[in-house]
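S.K.: Here it is, the structure in full.
The values are calculated or read from the model by the stated rules, or taken from the named source; none is laboratory data. All figures in this text were calculated on a predicted structure; none of them were measured in a lab. Reconstructed Cβ throughout: ideal geometry from the backbone, glycine too, with neighbour counts over all protein chains shown. When the accessible area is computed, the model is the full protein with side chains, heavy atoms only, and any ligands, DNA or RNA have been set aside. Shrake-Rupley method; radii C 1.70, N 1.55, O 1.52, S 1.80 Å.
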Amino acid sequence: MRVLQGLDHGPTLVFARTRAGCAEVADALSEQGFDADALHGDLSQAARETVLRRFRAGRVRVLVATDVAARGLDIQGVTHVVNLDVPPDPASYVHRIGRTGRAGADGTAITFVAPAERPKLRHLMRVLRSDIEEVRVPTVAMVARLRQSRLQQRLVDAAPSGDARAWFAAACEDTGMSPEELGAAALALLAAQQGVDLAPPPASRPERADRERVDDDEVKLFLGVGHRHGVRPQDLVGALTRGRGVDGRAVGRITILEAQDLRGAAAGGRGAAAGRGPAAVDPGGNDVRMALARSGSPAH
């Protein structure tokens with residue numbers, strides 16, 4: 001969703017793997033204010049023609065389709081193609097992205113890649129002898145800033161005519177509003193029409209990959225307790241920090257298994273706890289030993 005919100009896109013094709021997924025994505029986009037519709041094999045011929053007619057006319061800006069339903073589709077002016085998964089083979093990938101950038105026009109293809117699909121993506125690039133740039137999904141704050149920036153640029157590009165200046169001066173006089181007040185009111189109307197929130201963007205949170213990555217100044221710790229001992233994350237944080245001079249905020253991701261547990265502690269905890277070597281802790285009333293999981297060795 002945020003990918004499309006962050007794009008200044010024209011007619012866009014989104015490819016989904018299944019009919020059900022196609023309909024679900026189109027419905028979700030519509031609920032978020034996109035002019036979206038679905039094209040899949042469950043549609044009658046009449047319904048299919050209606051969807052395509054609306055897409056060609058610009059009444060539908062985002063068309064979500066399956067490979068089968070999009071077969072033979074020939075629509076000019078598609079600016080973006082979005083693959084919700086890595087296509088099954090290079091031929092399918094070329095067939096999908098060939099719907100944009102036609103006749104010398106600019107076009108962009110975006111493919112979502114799950115961790116398990118990375119080998120498939122590497123195979124794709126090797127066969128096609130082409131590099132595919134990796135980018136991150138924009139955060140909510142990034143999308144807000146992009147949309148505000150585009151709105152600002154549109155205002156800069158829209159050189160006001162003499163008539164507009166004269167009308168604006170007359171409107172200020174008639175309403176008693178200052179130029180700043182009337183300009184702000186006009187901006188608010190324009191932003192509302194274009195779906196741009198003028199509020200300050202929220203503070204960006206670190207990406208999940210950043211939050212979960214173990215940095216060089218972190219250590220992994222192992223305790224021989226787990227779910228069957230009734231241990232909870234808060235028990236582990238307390239056992240690691242209590243009386244050791246470690247800030248609880250320095251404790252990273254906690255994974256609790258059936259009989260053992262792993263966690264990451266930031267550099268602030270290295271000298272206070274891990275630097276002492278194995279230590280006795282008491283998470284949830286279980287007196288156990290704590291040991292380092294050395295980098296590059298299995299944590300068990």
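S.K.: Provide a single number: the residues in segment 120-172 that are among the polar types (S, T, N, Q) and part of a loop (DSSP other than H, G, I, E, B).
M.R.: 3
S.K.: I'd like the residue in segment 138-166 that is under 30 Å from ILE110 (Cβ atoms), among the polar types (S, T, N, Q) and open to solvent by less than 90 Å² (accessible area, probe 1.4 Å) and, out of all such residues, is modelled with the lowest pLDDT. Reasoning before the result, please.
M.R.: Quick first cut of segment 138-166, residues under 30 Å from ILE110 (Cβ atoms) only: 138-158.
Restricting the remaining residues to those that are among the polar types (S, T, N, Q) gives 139, 148-149, 152-153.
Add one more test, that the residue is open to solvent by less than 90 Å² (accessible area, probe 1.4 Å), and what stays is 139, 148-149.
Values: THR139: 76, GLN148: 83, SER149: 84.
The selected residue is THR139.
S.K.: Just give me the residues in segment 167-192 being surrounded by 11 or more Cβ atoms within 10 Å (Cβ to Cβ), without any contact (Cβ under 8 Å) to a residue 40 or more places away in the chain and among the small types (Gly, Ala, Ser), in sequence order.
M.R.: In the first step, residues of segment 167-192 are kept if they are surrounded by 11 or more Cβ atoms within 10 Å (Cβ to Cβ); the result is 167-169, 171-172, 175, 177, 179, 181-188, 190-192.
Next, only the ones that are without any contact (Cβ under 8 Å) to a residue 40 or more places away in the chain stay: 167-169, 171-172, 175, 177, 179, 181-188, 190, 192.
ALA169, ALA171, GLY183, ALA184, ALA185, ALA186, ALA188, ALA192, listed by residue number.
The rows are residues; the columns are (1) under 26 Å from ALA141 (Cβ atoms); (2) modelled with pLDDT under 90; (3) in contact with a Lys or Arg (Cβ under 7 Å, 6 or more places away or on another chain); (4) of a type in the set (Ser, Thr, Tyr).
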site: ARG17; (1), (2), (3), (4): no, yes, no, no
site: LEU43; (1), (2), (3), (4): no, yes, no, no
site: VAL64; (1), (2), (3), (4): no, no, no, no
site: ALA70; (1), (2), (3), (4): no, yes, no, no
site: VAL82; (1), (2), (3), (4): yes, no, no, no
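S.K.: So which residues in segment 1-19 are within 10 Å of THR66 (Cβ to Cβ) and open to solvent by 20 Å² or more (accessible area, probe 1.4 Å), if there are any at all?
M.R.: ARG17, THR18, ARG19
S.K.: Continuing with this model, one more query. Going through VAL62, VAL68, VAL78, VAL135 one at a time, which residue ends up being hydrophobic (A, V, I, L, M, F, W, C), under 23 Å from GLY41 (Cβ atoms) and open to solvent by 60 Å² or more (accessible area, probe 1.4 Å)?
M.R.: Values: VAL62 fails: open to solvent by 60 Å² or more (accessible area, probe 1.4 Å); VAL78 fails: open to solvent by 60 Å² or more (accessible area, probe 1.4 Å); VAL135 fails: under 23 Å from GLY41 (Cβ atoms).
Every option except VAL68 fails the conditions.
S.K.: From the set of residues in segment 62-118 that are among the basic types (Lys, Arg) and assigned to a loop (DSSP other than H, G, I, E, B), which is farthest from ARG129 (Cα to Cα)? First the steps, then the outcome.
M.R.: Taking segment 62-118 first, the residues among the basic types (Lys, Arg) are 71, 96, 99, 102, 118.
Still in the list and also assigned to a loop (DSSP other than H, G, I, E, B): 71, 99.
Values: ARG71: 25, ARG99: 20 Å.
Top of the filtered list is ARG71.
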